[in-house]
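What follows is a single structure, written as structure tokens, with notes after it.
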Amino acid sequence: MSTPIETDALVIGAGPVGLFQAFQLGLQGISCHMVDALPHVGGQCVELYADKPIYDIPGIPVCTGRELVERLQQQIAPFKPTLHLGQTVDTLHATPDGRWLISSEHATWLSKTVFIAAGVGAFMPRSLPIDGLTPHIGHHIWFGNQHLPSFAGQDLLVTGDGDQALQICLDAVGQAKSITLMHRREHFAATSERQQAFKAAQAAGALRFVAGQPTGLEASNERLNALRHLNAEGEEVTLACDHIVMALGLSPKLGPVSQWGLEMERKQLPVNTETFATSAAGIFAVGDINTYPGKKKLILCGFHEATLAAFGAAAHLWPQDKTLLQYTTTSTTLHKRLGLL
């Protein structure tokens, strides 16, 4: 195990509520680290409605999910939270001194407080529903959000219908021996610009589209040979390929949270609405992962929860100090923390 990173607070989840949690912690003078399973901040807001309009953020009549995340990043900039992206928290254990030992596949933290802002769970890449994938993942079969190798001189098959799938095909043009995009039907959920670029490359013979439903793999000597699939006529046929990239989007999974020994209710964490503390001292839950009477799964409600959780953390970290309510309009202390003085 690596030497633990010691911190006052660890925020698990870097979606809008997690980002605002880092801001509120900063106002309380609490530095934090943040960890997220995605390789970028934004969580559900970026993954599910990056370019869709949001109308219920106070003071912002309309903005997209991507724009909201960009503004939140600007807001937390003065506090410089340390980001650990592309990794999933696996374990969480109490230590004898009252802190929490948290680990992912790449790092370990020793934190005085923990904020679970994991939404409905960690976003994990969707996989093809066929057997035999595991031995080939990372060798001949890849997820679209991974760092992909060169496909020069190889027969490449990409599955999916979104921007990521089309872009992977376009990026391989001029390198791969052949490029095939497979989906149930030739109807894409990508931007019009990317669809136009794909259609142009298709018309030029640089790549092709095949309608199909994958059913199995064909491999020999640990190498991938082909993908079996049902074609548009319902016949099972094979398509030769050296590599498969699964660009099927992401889905949220509760994952290891359920194994951390915290009290749970219908896959959510019950909290005390005074501080949004969970059943474990020093652990708070904000956003869609928590539950309480009257709970509403709205971003603006998550912002409110993060604010009270930050006050709760301050009281937990410095129980001997009196909690003071300060205002960003007048407090010189807050102005210093925000880098205004």
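Answer rounded, prolate or oblate for segment 1-111, using the Cα gyration tensor with square roots of eigenvalues a ≥ b ≥ c: rounded when a/c is under 1.5, else prolate when a/b is larger than b/c, else oblate. It is prolate, given that a/c is not under 1.5 and a/b is the larger ratio.
The trypsin sites (Lys or Arg not before Pro) of segment 28-130 that DSSP puts in a loop, and whose beta carbon has at most 16 other beta carbons within 10 Å, are ARG126. What angle do you read, to the nearest 10 degrees and between 0 and 90, between the alpha-carbon axis of helix 192-203 and the longest principal axis of the chain? Once rounded, the angle reads 20 degrees. Under 1.5 on a/c is rounded, so check that first for segment 95-166, then, if it is not, pick prolate when a/b is larger than b/c and oblate when it is not; a ≥ b ≥ c are the square roots of the alpha carbon gyration tensor eigenvalues. Prolate, since a/c reaches 1.5 and a/b exceeds b/c. Computed about the Cα centre, the dipole magnitude for the chain is approximately 680 debye when only Lys and Arg (+1) and Asp and Glu (-1) carry charge, each at its Cβ. Relative contact order of segment 106-212, taken over Cα pairs closer than 8 Å and 6 or more residues apart, is 21 percent.
Charges were assigned to the Cβ only: +1 to each Lys and Arg, -1 to each Asp and Glu. The resulting dipole of segment 244-341 about its Cα centre is roughly 220 debye. With contacts taken as Cα pairs under 8 Å and at least 6 residues apart, the chain reaches a relative contact order of 19 percent. Please check the chain for the longest run free of GluC sites (Glu not before Pro) that are loop-located per DSSP (anything but H, G, I, E, B) and have at most 16 other Cβ atoms within 10 Å. Counting at most 16 other Cβ atoms within 10 Å as exposed, the longest clean stretch of the chain is 1-104.
Ignoring aspartates and glutamates fewer than eight residues from LYS112 along the same chain, the ones with Cα atoms less than 14 angstrom from its Cα are GLU6, ASP8, ASP97. Rounded if a/c is under 1.5, else prolate if a/b beats b/c, else oblate: with a ≥ b ≥ c from the C-alpha gyration tensor eigenvalues square-rooted, which is segment 41-181? Verdict is oblate for segment 41-181. Principal semi-axes of the equivalent ellipsoid, √(5λ) from the alpha carbon gyration tensor of the chain, are 44, 22, 17 Å from largest down. Along the chain, the longest continuous region that contains none of the chymotrypsin sites (Phe, Trp or Tyr not before Pro) in a DSSP loop with at most 11 other C-beta atoms within 10 Å is 56-326. Counting Lys +1, Arg +1, Asp -1, Glu -1, what net charge surrounds TRP109 among other residues with beta carbon under 10 Å of its beta carbon? Charge balance near TRP109 sits at 0.
For the pair segment 66-139 / segment 291-312, the C-alpha centres are spaced 20 Å from each other.
Using a probe radius of 1.4 angstrom, the carbon and sulfur fraction of the accessible surface of the chain is 52%.
Counting only DSSP H runs of at least 4 residues, each contributing -39500 (n - 2.57), and dividing by the residue count of the chain, the helix-based mean residue ellipticity at 222 nm comes to -7000 deg cm²/dmol. Along each principal axis, taking the top coordinate minus the bottom one, the Cα set of segment 143-265 gives 58, 40, 33 Å in descending order. Sequence-distant contacts, meaning Cα pairs under 8 Å at least 6 residues apart, place the relative contact order of segment 29-117 at 28 percent. Relative to the longest principal axis of the C-alpha atoms of the chain, give the angle of the C-alpha long axis of helix 16-27, reported between 0 and 90° and rounded to the nearest 10°. Approximately 30 degrees, to the nearest 10.
Most tightly packed first, judged by the mean number of other beta-carbon atoms within 10 Å of their residues, the peptides 90-97, 24-31 read 24-31, 90-97. For segment 210-341, what are the per-bin percents of Cα-Cα distances with bins 10 Å wide, up to the bin holding the maximum? The distribution over segment 210-341 is 10, 23, 19, 13, 15, 12, 7, 0, given as percents.
Across the options GLN196, ILE57, VAL11, the greatest Cα extent toward the positive end of the charge dipole of the chain (unit charges at beta carbon of Lys, Arg, Asp, Glu) belongs to ILE57. Rounding to the nearest 10 and keeping the result within 0 to 90°, find how far the Cα-based axis of helix 299-317 lies from the longest principal axis of the chain. That works out to roughly 50 degrees.
Farthest toward the positive end of the dipole of the chain, out of SER279, SER331, HIS243, is the Cα of SER331, where the dipole comes from beta carbon charges about the Cα centre.
The values are calculated or read from the model by the stated rules, or taken from the named source; none is laboratory data. Keep in mind the model is a prediction, meaning the values are calculated, not measured. We place every Cβ from the backbone using ideal geometry, glycine too, and count neighbours over all the protein chains shown. Heavy atoms of the whole protein, side chains included, go into the accessibility calculation; ligands, DNA and RNA do not. Shrake-Rupley method; radii C 1.70, N 1.55, O 1.52, S 1.80 Å.
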